[in-house]
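The values are calculated or read from the model by the stated rules, or taken from the named source; none is laboratory data. What you are looking at is a predicted structure, and each value in this text was computed from that prediction instead of being measured. Here the Cβ is made from the backbone with ideal geometry for all residues, glycine too, and neighbour counts use every protein chain on show.
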Amino acid sequence: MDPGDPEEKPAATDPAGEPAGGQDPCLFLQTLQTLWSTRDLRQLREEAWKGFATLDDPLTTLLDMLEASRGYGGRGPSLEAWVARELELWLQAQPRPEPAQGGRALKPLQARAVRLLTEGPPSLVEPLVSIFQLQDADRSPVLAHIHRLHQEGKFKEAIVLGTKLQLQADLDVEKMCAPLLLQDKVDLTERYVDSSPLLQQRLLALMDSWCQPGFDIRVVARRYPQATLRLERLSPRALGRQVLRLLEQYRLGPALCPNVATQQRLAALRCLCYKRLVERSISRESWAELVQGLVGQDECLQGQLLRLLASQEDVAAVAQCALDLSLPEERLPATVVAEMSQLRLQERTDKASSEDRRDDCYRLPIAREDIHFLASWEELARHEDTLLQPGQVVGVDLEWRPSFGAGGRPRVSLMQVAVEGRVFLLDLPQLSNPAGGQAPRAFSQLVSRLLSDPSITKLGYGMAGDLRSLGASYPALAQAGQQLQGGLDLLQVHRQLRVADRPAPAVDGAAGPRGLSLLVQQVLGKPLDKTQQLSNWDRRPLGEGQLVYAAADAYCLLEVFWALCREPARFHLPGALPWSLGLGRSKRRGTWEPPPQKALASPWQEHSPEAEAPEVPARAFRVVCDNMLGGLGRTLRCLGVDVRVLHSGEDHRQAAEVARQEGRVILTSGLPYHKLRAQVGAGRCLAVDCSLKAQQQAKAILRHFNVRVTPADIFSRCQACNCDQYLKVSKDVMKQLVRLSVHPGGPGGASTEGPHSDGEQEAGSAPEEAPGGCSYDPPCRWLEDADLQTRVPATLANGTQLQLAGVPAGVLRRPGLRHFYCCTGCGKVFWEGSHLARVTSNFREVLEGAPRPASGPS
């Protein structure tokens, strides 16, 4: 008798006539096995959950099934593992889940589950731990199994099991984590120590010990011959970056990792020496102050500094550095000591004071008295009207003390706001000091009003990052980034800028100006003087060089903006910059009249979600589509949009180059979006939803960019070649041309409709037939004899041959049809038909001035 056959094994009944006990486990499993073979997971889940509710003891049934199975250890999903996971979910869904049903004790079940855990596949770990609460079970068998896995080289399985069962306190951190670090699986070690600050400290101490000078990581690697090593990822520099990241993530002090801290200070020391002795891009005063702060009394760093100086060939510069730092002469080369003596004897005060003046750099065009340092509420109130004048353009920049240690970016020290003719330097630590009376509140209110006023155009370079730093430094301004309206990030403009009359230095080059300094050089002819960039901005009072540098960093934004507005074509920018911003030029330079309605945003502009994009006429809207969006491209051309579609052989990266050169917006789909967006900046690249039809995609794009489409725009551009120049041809002339052509009657003379057909190319519907009064008459001139190079075949003067084979004979006999339109770009022939009315109806909700039908849906 088959125990699983319900006909041969009748169920016992209780006195009330109901079945005694629950469903037969064998029958239940047999049902699941049958459904598993069909892979109908929906029905399988329904049957499983129904069966769990009818089993006397689903936990014991699961253990019986797992112990009896021999196939669940193989590759791929198994029924046993699936049932375990579903039972876990079912128990979690119960109002009051009971882990030991049917009165059975949980401990024997846990012991059986632990044995299965040590013998089964990893897919069983999570559900068995959850179902049988194995965190509270006897740890000895599992610990032994983890050690066995470790000995077999199954390091990932060992650490995963230890993490799931929360056995970290009973295991050695170095033993568990070291082989995973050697395999570049830092994420697993992070999860392993995530719940314990003590374990986090031990992990970081281990990683830091591998960063000590002269340490050979291969010594550690030899202990784990079974591991697939990734030692190239464990250089001291790469490992140091991981340590610094974890220090910040776990909010631990750098003193926990002295080797990495020394490594970082040494790297900063090399960088400072390079900037001072090679680039000459940092002032003597700033260099000496930063180096002294780095080296301190550390003998190792002192020795490294002396070696760095001794390796330089410029003896005079090294001697000056040694004097500035008061270095011991007995540890310096004799040539440097001799030069130091000469420097002491000579009077070089004038030379030293003028050393850092750079005539080849951008010079601040305003007088020193027009730089105002504001450190009190009274000073803020005195200049508030100037700072918040509606309709003006301001340059905004921030400065903070350079930091070469762990712990994130230091607090912002200075905020520069430049208006025409003046620069205001806001002393942020003083203005935000609670002991300053009304100053903190007045300061935060002023900055919030400045950022949120849409009529004031705020210029910056990397504004998003600056505002994040400002918000992180001062809690009262935590929402600074969200408050910004009317902001123009010149970094986004810089990514599209092309200099017409001089070669542009490489932005990512190893030498030469970069970032804002490069933009200033490309637009104004000279780079910024960055010698004060790394100075101590927390020092008070600020030095004279710092004040001038800070003012120049903000004021140059205004001058760059004015230059771009005057000559947008010179820099290959799409249109005049002020008008693309939706701002009107006033009579006084640098002041801008506010728009008549709410502030408008340019494609480069950072704006709040409530701000509207400027309205763009359809024929002025220019896009480039990747080769997967051909249907969308034809639809947009149908509405008058200037569309370039990449050919099937062109790489998607070509879209970025076309967008930059021709001032187009990129429309793309799929994975290339993020790469393309990074190349052209925010607002110049849009990911298209490919689940929508071309018509729906087009409507979404028109709304997104606030494109104004009028009935006159429909079919104003050739859908095949994007040309917007037509020649009008009378019916009589067209008949003559068709008769003279090679195929006089067209392909069979059949009449077809729709612009996508190979036959008739309909442009619209006849005026007397169109519902709602639709008609088609694009602005174009009549075809003249001078426009034809030859009549057989009919070829225009520019060499374009008219595609007369696509004109059916029936169209030439159609009553009421008066003329045709020939595309001068590709030669296609269009005529009035019913398609104009359909397009007008389909896009009625986005058409401006489209007539509504008298009745019926639009």
The range 681-737, residues that are in a loop (DSSP other than H, G, I, E, B) and within 29 Å of L788 (Cβ to Cβ): I714, F715, S716, R717, C718, Q719, A720, C721, N722, C723, D724, Q725
Please enumerate the residues belonging to the range 675-698 that are closer than 23 Å to G640 by Cβ and surrounded by fewer than 18 Cβ atoms within 10 Å (Cβ to Cβ). D689, L692, K693, A694, Q695, Q696
Could you pull out the residue among R502, R498, R539 that is modelled with pLDDT of 80 or more, of a type in the set (D, E, K, R) and part of a loop (DSSP other than H, G, I, E, B)? R539
Filter the range 636-665 for residues that are within 11 Å of D626 (Cβ to Cβ), under 25 Å from the mean Cα position of the chain (by Cα) and assigned to a loop (DSSP other than H, G, I, E, B); the one that is modelled with the highest pLDDT is L646
Enumerate the helices (runs of 4 or more DSSP H) found wholly within the range 121-207, keeping only those where 2 or more residues are among the aromatic types (F, W, Y) and surrounded by 20 or more Cβ atoms within 10 Å (Cβ to Cβ). none
Condition met for Q263 (in contact (Cβ under 8 Å) with a residue 12 or more places away in the chain, under 27 Å from L188 (Cα atoms) and surrounded by 14 or more Cβ atoms within 10 Å (Cβ to Cβ)): yes
For helices (runs of 4 or more DSSP H) lying entirely in the range 222-318, having 2 or more residues that are acidic (D, E) and at pLDDT 80 or above picks out 284-295
Give me the residue from the range 790-819 that is under 49 Å from the mean Cα position of the chain (by Cα) and not in a loop (DSSP other than H, G, I, E, B) and, out of that set, surrounded by the fewest Cβ atoms within 10 Å (Cβ to Cβ). Q801
Those residues of the range 179-199 which are under 19 Å from V219 (Cα atoms) and among the acidic types (D, E) amount to D184
Give me the residue from the range 701-723 that is within 24 Å of the chain's Cα centre (by Cα) and buried (at least 16 other Cβ atoms within 10 Å of the Cβ) and, out of that set, modelled with the lowest pLDDT. F705
